[in-house]
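> Submitted below is the structure of interest, expressed as structure tokens.
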Amino acid sequence: MTQSKDAAANAMWGGRFASGPDAIMTAINASIGFDQRLYAQDIAGSRAHATMLAAQGILSDNDAKAIGEGLLTVLSEIEGGKFTFSAALEDIHLNVESRLTEIIGDAGKRLHTGRSRNDQVAVDFRLWVRDQCDAAIAGLTALMQAFLAQAEAGVDWVMPGFTHLQTAQPVTWGHHMLAYVEMFARDRSRFEDARRRMNECPLGAAALAGTSFPIDRFATARALGFDRPTANSLDSVSDRDFALEFLAASSICAMHLSRFAEELVIWSSAQFRFVRLSDKWTTGSSIMPQKKNPDAAELLRAKLGRILGATVALFTIMKGLALTYSKDMQEDKEQTFDAADTLMLGLAAMTGMVSDMTANRDTLRAAAASGFSTATDLADWLVRRLGLPFRDAHHVTGTLVAMAEKAGIDLPDLMLEQMQSVHAGITAEVFEVLGVDNSVNSRMSYGGTSPVRVAEQVARWKAALA
């Protein structure tokens, strides 16, 4: 670059300031260390703006052409690692504009006509977050497909269902995997909804009041892939709802990812042995040679908390700001960048682990049969066959569970005579409902764990994700 950075910064600011900022003020004020990440969006917005200015007769065709070509040169320099970012120029906008002016001369100084850094950063950031929504949607689709493949493989594999991490009722592996498909489908829909709402273009709102130049905001909105321009200039430059919505959707998704990470940690333990993770997603111990630790799942469980932290941080920044723009809003990006990076890492890692994990079918089945998991089936049978009120059936079943527990056996191992000592109406037919297969097969209500219903849901999701 041909001029000093301080001189370039003063030139950008104009005549209001006689000297440059203090070094500490520069450190506080400069955002180029992180907002350089917006370079592609900034250049795309500037090219659309220049094209519109020329179409409206505000800029000459020659200047617009020079600006367009010069911006492509800047883009090439940045992507080629040949661009020197300057903290004295504060942010990505001034860095790009300064270099553009060095390349093409005075035409570069005309680019900022009819806009402000306030609407410029608003459009840059919105474009970037929109891209992150698209990435999250794609990542979630891949994760859903991984869970769906597991569900299809284990439509009728029996496993224990839990409440309070205590054995509750038998369910199927496929049913459990589909629960996460449903969760992540809701996450995907939240990103889709957020994307739809944020797809309005703030460019042209200028500093806060719009501009007296005869700009065409609809043209720039179309050029940048937005549905329409934003309708209120004050809201345009002060809105960060799009980032908050992205972070909120990311936080819910992160919570879902962390819940399954927790299940992987539990399931892969020696005490459970429900699943096996390969060497790709585990590590060893420096002292205990037998160990195979689910470190990837544990690290995800921890890392995903950063997303919630970023969400709280941005809400805290925004909640005290009067309209319109305040410099506090510069602190929106680092939080969002980190959250987006963490989310994408989490989605990719979880997709890998789900695709890679192997369910121990025999262990799952044995666990499903333990812990009196068919007690509810017995209570339901007493209601259906003997006409007992459910509360009475619940009491009878509880008494039989206590009897079996005292004897150190499971419900199906009780003798008919023992059962009849609690309720004389019980017949040998009761044993038809006490096996785990009978239990899961009977759960035919819509959304239930019956293999028939699970197969239907697998088919539905295969069609939806095709």
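The values are calculated or read from the model by the stated rules, or taken from the named source; none is laboratory data. All values reported here derive from a predicted model rather than from experimental measurement. Cβ: placed from backbone, ideal geometry, glycine included. Neighbour counts: every protein chain shown. The protein model used for the area step is the full one, side chains on, heavy atoms only, and it has no ligands, DNA or RNA in it. Shrake-Rupley method; radii C 1.70, N 1.55, O 1.52, S 1.80 Å.
> All but one of (1) crowded, with 18+ Cβ neighbours inside 10 Å; (2) hydrophobic (A, V, I, L, M, F, W, C); (3) touching a residue at least 60 places away in the same chain (Cβ under 8 Å); (4) closer than 30 Å to SER373 by Cα hold for ALA168; state the number of the condition that does not hold.
(1)
> For the subset of region 402-414 comprising residues that are closer than 17 Å to THR427 by Cα and either within 46 Å of the chain's Cα centre (by Cα) or crowded, with 16+ Cβ neighbours inside 10 Å (or both), which member is modelled with the highest pLDDT?
Within region 402-414, the match that is modelled with the highest pLDDT is LEU414.
> So in region 67-116, with the set limited to residues that are open to solvent by 20 Å² or more (accessible area, probe 1.4 Å) and β-branched (Val, Ile, Thr), which one is nearest to THR26 (Cα to Cα)?
Checked region 67-116; the qualifying residue nearest to THR26 (Cα to Cα) is THR84.
> THR324 - would you say it is in the same structural domain as MET144 (by the TED database) and either buried (at least 22 other Cβ atoms within 10 Å of the Cβ) or not charged (D, E, K, R) (or both)?
Here the answer is yes, as THR324 does meet what is asked.
> Would you check if SER442 is open to solvent by 60 Å² or more (accessible area, probe 1.4 Å) and under 30 Å from GLN150 (Cα atoms)? Walk me through how you get there before you give the answer.
Details: open to solvent by 60 Å² or more (accessible area, probe 1.4 Å): yes; under 30 Å from GLN150 (Cα atoms): yes.
Criteria met by SER442.
> For region 377-401, give me each residue that is crowded, with 17+ Cβ neighbours inside 10 Å and under 16 Å from ASN438 (Cα atoms).
The answer is ASP377, LEU378, ALA379, ASP380, TRP381, LEU382.
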